[in-house]
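Laboratory data are not the source of any read-out in this text; all were calculated from the coordinates shown. A quick note: this is a predicted structure, and the numbers were derived from the prediction, not measured. Cβ: placed from backbone, ideal geometry, glycine included. Neighbour counts: every protein chain shown.
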Amino acid sequence: MAKAPYRPPVQSKLGQIFDSLFLLALVMAALFIPLHLGLAGGGKTNLELPDKTWAGMGQNATMQAQWEKLGFTDGAEAKDGKQPASELISARFDYSFNPVELGLTALVVIGYFFIVFHWSKKEYREVIDERFNNK
C-alpha cells in the first residue's frame, strides 16, 4: 500500500509573524538578562599610567595622529574640546571565566541540540522515506 505523500503543516501569516517576534524576544532576553543580573561581562580594569603623554602611553607618531583625528588628546584632562585618550588606552577588559560555568553552558547547548534532533527524528524519517524509499 502506497503511503500518501508527506504534506507539511501549513502555518498562517499571523502565526509566522508571532513566531518570529516571539523568537526575537527570546534571543534578546537571552542576550540581555545575564547582563542585567550581573552574570556576564567581567568588567574592565584600568592601568595606572604614571606618564599621560603620548610616549608615556606607548603611542608612536602614527598612533598619536590617529587619536587626534578621532578627537582625543594626551594628558589627563580635556583640552580644546578634545577628550583625553588616556582613559581608553588604560582600559583593559577582564577575559577571565569560570570553567564550571563554561561546562554547564556547553552541556545546555549540547542538550538542546540533542532534544531538537531526537524529537524531530520521526518527521525527518517520514520525509526521507517519502523521497528515497522507492530508490
* So which residues in segment 2-56 are acidic (Asp, Glu) and part of a loop (DSSP other than H, G, I, E, B), if there are any at all? -> Glu48, Asp51
* Asked: How many residues does segment 72-98 contain that are surrounded by fewer than 15 Cβ atoms within 10 Å (Cβ to Cβ), within 29 Å of the chain's Cα centre (by Cα) and not aliphatic (A, V, I, L, M)?
  -> 8
* Selection from segment 12-35 of residues that are under 17 Å from Glu101 (Cβ atoms) and loosely packed, with under 10 Cβ neighbours inside 10 Å -> Ala30
* Could you check Gly103 against (1) more than 30 Å from Pro8 (Cα to Cα); (2) exposed (fewer than 10 other Cβ atoms within 10 Å of the Cβ) and say which number it fails? => (2)
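Let's see how each residue does on (1) closer than 30 Å to Arg125 by Cβ; (2) among the hydrophobic types (A, V, I, L, M, F, W, C); (3) out of contact with any Pro (no Cβ under 9 Å at 6 or more places or on another chain):
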{"position": "Pro5", "(1), (2), (3)": "yes, no, yes"}
{"position": "Leu47", "(1), (2), (3)": "no, yes, yes"}
{"position": "Trp67", "(1), (2), (3)": "no, yes, yes"}
{"position": "Ala85", "(1), (2), (3)": "no, yes, yes"}
{"position": "Pro99", "(1), (2), (3)": "no, no, yes"}
{"position": "Ile110", "(1), (2), (3)": "yes, yes, yes"}
* Structure fact -> Reported set for segment 62-118 where residues are in a loop (DSSP other than H, G, I, E, B) and within 20 Å of Asn46 (Cα to Cα) is Asp74, Gly75, Ala76, Glu77, Ala78, Ala85, Ser90, Asp94, Tyr95, Ser96, Phe97
